[in-house]
Amino acid sequence: MDYTCRDIAKMIDHSLLRPELTEDDIRKGCEIAVKYDVATVCCSPCDVALVVKLLEGSDVKTTTVIGFPHGYNTTETKKFEAEQAIKNGAVELDMVLNISKLLSGCYDYVKKDIEAVVDAAHRHNVLVKVIFENYYLTDEQKIKACRLSEEAGADFVKTSTGFADGGATLEDLRLMRDNVSEKVQVKAAGGVRDLETALKVRQIGCTRFGATGTEAIMEQCYKRTQQNG
């Protein structure tokens, strides 16, 4: 195998974004994240301080979302949301670009919207992942989103929120990987529920993926490792 289970774990942003999750669910989710030593827990903005506390002493970082899930907040609101999240301890931000403005061809607006969050984040060495919501976009619009995100200084481009009717596809991930430079990473979100899919997105060049099924993915990895050992 050309990977270890730690390699897979460190690709995972363990997602705790469903609106019906209670604080007990958040605690249990963080326990899973720490158990498997994933990359980050991705939580809602109101839970950032709690998650930071729950992850204390571990190697798991805290991610939150900005302009989620539709991206149509004003730029000023997104910037303020980013600053608050950073103040509360988030070290990565997954922001939704303004989907409506992208579809309308308002590219300067989209770029400046991303830049405002990137500038606020990078002042504190915080990473920014830009969510496209590919379900609503043509291939040409996905390519444009890749270029605008890179021009705005984003660290990652990301397929989706998980709240539209479609998530990450292998075709979209290839398209995105091909249309950003090596300094921009790619994150898959929506649809990575097992080890096989995780390995496929890894092969394409994704370095991160969102998952709610972290436990199942990691247990499949350990089982395969033992079988091949």
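The values are calculated or read from the model by the stated rules, or taken from the named source; none is laboratory data. Small disclaimer: the values here were computed from a predicted structure and weren't measured. Every residue, glycine as well, gets a Cβ built from its backbone with ideal geometry; the counts of neighbours run over all protein chains shown. Only protein heavy atoms, including side chains, enter the accessible area calculation; ligands, DNA and RNA are left aside. Shrake-Rupley method; radii C 1.70, N 1.55, O 1.52, S 1.80 Å.
Under 11 Å from the Cβ of Glu196, count the other residues' Cβ atoms, weight Lys and Arg +1, Asp and Glu -1, and hand me the total. Display every interim value, and only then the final one.
Details: positive: Arg193, Lys200, Arg202, Arg224; negative: Asp194.
Local charge sum for Glu196: +3.
What you get for the range 7-125, charging only the Cβ of Lys and Arg (+1) and of Asp and Glu (-1), is a dipole of about 200 debye around the Cα centre.
Excluding ligands, DNA and RNA, what is the solvent-accessible area per residue of the chain at a probe of 1.4 Å, expressed in Å²? Each step should come with its number before you reach the end.
Working: 10730 Å² over 229 residues.
I get 47 Å² per residue for this part.
Springs join every pair of Cα atoms under 10 Å in this Gaussian network model of the chain, and among Glu56, Glu115, Glu151 the largest mean-square fluctuation is at Glu56.
List the aspartates and glutamates whose alpha-carbon lies under 14 Å from that of Lys87, not counting same-chain residues fewer than 8 positions away? Output for Lys87: Asp47.
Pairs exceeding a 19 Å alpha-carbon distance, out of Lys111/Lys142; Lys79/Lys129; Lys10/Lys112; Lys78/Lys101; Lys28/Lys79; Lys10/Lys35: Lys10/Lys112; Lys28/Lys79.
Cysteines in the chain lacking any other cysteine Cβ under 4.7 Å from their own Cβ: Cys30, Cys42, Cys43, Cys46, Cys106, Cys146, Cys206.
Ordered from largest to smallest accessible area (heavy atoms of protein chains, 1.4 Å probe), the residues Arg202, Arg208 come out as Arg202, Arg208. Think of each Lys and Arg Cβ as +1 and each Asp and Glu Cβ as -1; about the Cα centre, that makes the dipole of the chain roughly 300 debye.
If you average over every viewing direction, what projected area does the convex hull of the Cα atoms of the chain give, in nm²?
On the way: hull surface 46.8 nm².
Over every viewing direction, the Cα hull of the chain projects on average to 11.7 nm².
Here the accessible area of the range 161-229 is 43 percent carbon and sulfur, with a 1.4 angstrom probe and all protein chains present.
Report the residue, chosen from Arg174, Arg18, Arg193, that carries the largest GNM mean-square fluctuation when the chain is represented by alpha-carbon nodes joined by springs under 10 Å. Most flexible of the set in this elastic network: Arg18.
Could you work out the helix-only [θ] at 222 nm for the chain, with each DSSP H run of four or more residues adding -39,500 (n - 2.57) and the total divided by the number of residues, to the nearest 500 deg cm²/dmol? Don't skip to the end; give the middle numbers.
Numbers: 10 runs with 107 residues, N = 229.
Computed mean residue ellipticity for the chain: -14000 deg cm²/dmol.
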